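What follows is a single structure, written as structure tokens, with notes after it.
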Amino acid sequence: MTNEKQTVHGPVVGICMGSESDLPVMKEAAEVLEHLQVAYEVRILSAHRTPVEMTSYAEAAQGRGLCVLIAGAGGAAHLPGMIAASTVLPVLGVPVPSRHLQGLDSLLSIVQMPGGVPVGTLAIGQAKNAGLLAARILATTDDALRSRLEVYHRDMSGKVRETDDKVHAQFSGE
Ligand code: RP5
């Protein structure tokens, strides 16, 4: 899956995951990037099942114009760390909820990186925040994207205020 329609320069965010079974969670990163008009690509790359492809991808990423990599994996989730070991691009790790331990295993596997090889770890299942954080990183050098992020942020606050008004009116006894 590639979304290159907003730019002639190709994807700037690479969204990787260890298995197709991670897609229902990881597609939320793609959706928010789509909303913010950030070009991305999606790849299935496994640290354990396709380590050669994973390393080649990470090594070539910067040269291909990618600026931020998002990596999601579950269980023995080595993908974000191994990608970060093969590139100096910022890597955002998403612990995917796992079948047996609900993602606690994924979180601990991703977050406990050794000094020198950073992975910015998101909350369990929070691919949406990974997409938003990638956009925020890109927005430090892209004014138009920063404006779109400000609109996104304002809209989010507006929705909470609307809900507050509704709940306040409905349940406040006078
Ligand atoms: C990890 O193993 C993947 O990231 C996935 O979350 C987990 C299970 O993979 P499948 O057995 O569903 O392919 O590498």
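The values are calculated or read from the model by the stated rules, or taken from the named source; none is laboratory data. Here the structure is a predicted model, which is why all the values come from computation and not from measurement. All Cβ positions, even for glycine, are placed from backbone atoms using ideal geometry, and neighbour counts span all protein chains on display. Protein only, heavy atoms only, side chains kept; ligands, DNA and RNA dropped before computing areas. Shrake-Rupley method; radii C 1.70, N 1.55, O 1.52, S 1.80 Å.
A few points about this structure:
- When restricted to residues that are closer than 27 Å to residue 16 by Cα and open to solvent by less than 40 Å² (accessible area, probe 1.4 Å), the range 128-168 contains 9.
- Among the candidates 34, 20, 59, 53, the residue that is of a type in the set (Asp, Glu) and closer than 29 Å to residue 150 by Cα is uniquely 34.
- Highlighted here are the strands (runs of 3 or more DSSP E) found entirely within the range 1-116 that include at least 2 residues which are more than 16 Å from the ligand (Cβ to nearest atom), open to solvent by less than 80 Å² (accessible area, probe 1.4 Å) and within 28 Å of residue 143 (Cβ to Cβ): 40-44.
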